[in-house]
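Input: a single structure, listed below in structure tokens.
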Amino acid sequence: MEQTSSTSNLPENAYRELKPGEVYRPVMSPEYKFPEVTGWSVFWGLIMAVLFSAAAAYSGLKIGQVMEAAIPISILAVGLSAAFKRRKSLGQNVIIQSIGASSGVIVAGAIFTIPGLYILKLNVNFFHIFLASLLGGFLGILFLIPFRKYFVRDMHGKFPFPEATATTEILMTGETGGKQASVLIISGLLGGVYDFIITSVGFWTEAVTSRIIPFGETIAEKMKLVFKIDTLSMILGLGYIVGLKYATIICAGSFLSWFVFVPLLNELGNIIAGTGGTNFFASMSAEQIFRDYVRHIGIGGIAMAGIIGILKSSGIIGSAFTLAYKEIFHSKKSEEEIEHRTQKDLKITYNVFFILLTIIAIFIFLMAGVQLSVSNAIISLLTVTIIAFLFTTVAANAIAIVGTNPVSGMTLMTLILSSIILTKVGLTGPKGMTSALIIGGIVCTALSMAGGFITDLKVGYWLGSTPVKQQSWKFLGTFVSAATVGGVILLLNHTYGFGPNSSMAAPQASAMAAVIEPLMSAEAQVHWTLYLVGAVLAILLNALKISPLAFALGMYLPQELNTPLLVGGLVAYFIKSRSKDEGLNNARFQRGTLIASGFIAGGALFGVFGAIMKYVFGMYQWPDIFEYYDSGWLKTDGAMWLSLGMFILIIAYMTWDSMRGKPENNS
């Protein structure tokens, strides 16, 4: 059956909330079957998983930034389909993207914790890395599946899903072509080159701060008050898709951290110094105060937001358990089995069975691989299972709202909790640190996978893929990605080593290692009061009907990553409200969405290119033509002023081009 004319564009109600009685009809009609899982889609999906796992692992361990794989893989999938003139390729491209995107999320889970084993000089081998990544990835997939309908269908139009939006727009260009594709390609090239010049060439500074003016430098030094904004087009585009509502909430949290808590701590220090004491914060920068103290308030807020989310979705969780009970103990078919293919998930009986198998495998791994006693393995297993399950919805929520998964904060909380628990049962020293980092690695990968997989499933929902096919083949992508990451980490450790004094700094793992070592003692100091402050804030925000997770994310993430979201949200609001003609406003906004998606896609794709080039040049010890500039220039005010000017230009371009949208041609 040929795809209908609905493939020319996404349905009008794709990005908005549905009216009472209204139904969303995906691009590929639910009544018919389309090519999805084929030799072509599986082959290219696995190739992408291997390539992007290697590239993402290198960039993540080198500079601490894991490239988002879903978007560049989507671009390559569309390009391959066009090059080989494949018809009806939309469903197959979704599978390529879904299998291949396992790479980025598995890498993010692995590099945050596993290299810490090397840094602390603990025993580690390939199977530690591979199994922690594999089992964590499986757990993330299986825990998320029961929540698919809630996030992608029941909450349709209520979450912006920025990365899923960009990916969907890219995959649609493979079907539509024409002006929509040209808008995406032009903005992708422009945004990609712009971001590449910043991140790989370094013609101007990436982040602009208030220190570029004398008064800003003065208050930064005396009051620890700093304003920062990142000038990458990718984050600007992300803000456009996130929208003004969530961008404002996120920035409100960020401003509370940077403009209230950071200066407040410094002022309290001044008060203490005035009474004969010492201002401990006087010698610290605003960034250091945020990193060492205030950020922990955000972590507490994220944790409490997760608990609130669990309580709110208790009905969803309860219905999943009820459905599992009915399917296991009653032969009568459930409603799930008679729905259209676009609503078919992995059968709940299989899901429960695979969860049990994965839990058993983790238990065996903890006993045989980490060599824990039965009692310690049981305690570790309970820690992994409970934390991973509870934080799964937090990860999915975060991705749905802002496209950023606070996995490092949740992993830090996991390490703290597991270290305290293991210490209480007498598991300390090298074995205790190994156990805590392995537990952290499994949980981190599970949460990273849950956040990334919800993007795949939302893309599939918009386009009309079969969820059970996405879910089933995601396991294969996870297996291949975990094996690739294990090999790459071993290779990079053998070649460079990890840690602050190595060219492979592994910044997240270094931070986790620094946290874990003092925690594995009975006198461990934990910032419980700061976590409690964040938790109380989350409760108050929830009572005020403000998203506690979005606010806590703002408190936790660096300010420079939050402020451009607000700029993008303001651009989106401006474009959507300039005319009294609703049709014209929608056309302009839709064109802006394409441009924003292009910025995100271009930044991601050129980021991959830059990482590969740096890898090749480093491997052959060639002079790095991408860093021929004087790096001292980037620390000057001139570099920041130039960055600000270029950022204003890219905002102006985005606004001007979006305003060219017209209802009659949907461009």
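Nothing in this text is a laboratory measurement; each read-out follows from the coordinates by a stated rule. This structure is a prediction, so every number in the text was calculated from the model and none was measured. FYI the Cβ positions are ideal-geometry reconstructions off the backbone, even for glycines, and counts take in every protein chain you see.
Each other residue within a Cβ distance under 13 Å of Phe647 adds +1 if Lys or Arg and -1 if Asp or Glu, for a net charge of -3. Between Glu582 and Glu31, the contour length at 0.36 nm per residue exceeds the Cα-Cα span by 195.1 nm.
Put in order of Cβ neighbour count within 10 Å, fewest first, the listed residues Leu557, Leu447 become Leu557, Leu447. Annotation for His340 and Val425: the two label points, set 7 Å from Cα along the Cα-Cβ direction, are 4.8 nm apart.
Between their Cα atoms, which of Lys245/Lys576; Lys85/Lys662; Lys149/Lys469 are more than 21 Å away from each other? From the list (Lys245/Lys576; Lys85/Lys662; Lys149/Lys469), the Cα-Cα distance tops 21 Å for Lys85/Lys662.
A simple rule links phi to the HN-Hα coupling: the Karplus curve 6.51 cos²θ - 1.76 cosθ + 1.60 with θ = phi - 60°, which for segment 636-652 gives 8, 5, x, 5, 6, 4, 4, 4, 5, x, 5, 5, 4, 5, 5, 5, 4 Hz, with x for Gly and Pro.
Fully extending the segment from Ser285 to Ile546 would add 90.9 nm, taking 0.36 nm per residue of separation and subtracting the current Cα-Cα distance. Extension gain for Asp292 to Asn13 (0.36 nm times residue separation, less C-alpha to C-alpha distance): 96.0 nm. A simple spin-label model places the labels of Lys662 and Ala82 2.4 nm from each other, with each point 7 Å out along Cα-to-Cβ. Label positions at Phe353 and Glu22, each projected 7 Å from the Cα along the C-beta direction, are separated by 4.1 nm. Converting phi to 3J(HN,Hα) with the Karplus coefficients 6.51, -1.76 and 1.60 and the offset θ = phi - 60°, segment 425-433 yields 9, x, 9, 10, x, x, 5, x, 5 Hz in sequence order, with x at every glycine or proline. Which of rounded, prolate, oblate describes segment 159-310, given a ≥ b ≥ c as roots of the alpha-carbon gyration tensor eigenvalues and a/c under 1.5 marking rounded, otherwise prolate only if a/b is larger than b/c? Oblate is the answer for segment 159-310, as a/c is 1.5 or above yet b/c matches or exceeds a/b. Shape analysis of segment 116-205 places it in the oblate category; the axes a ≥ b ≥ c from the Cα gyration tensor give an a/c of at least 1.5, with a/b not above b/c.
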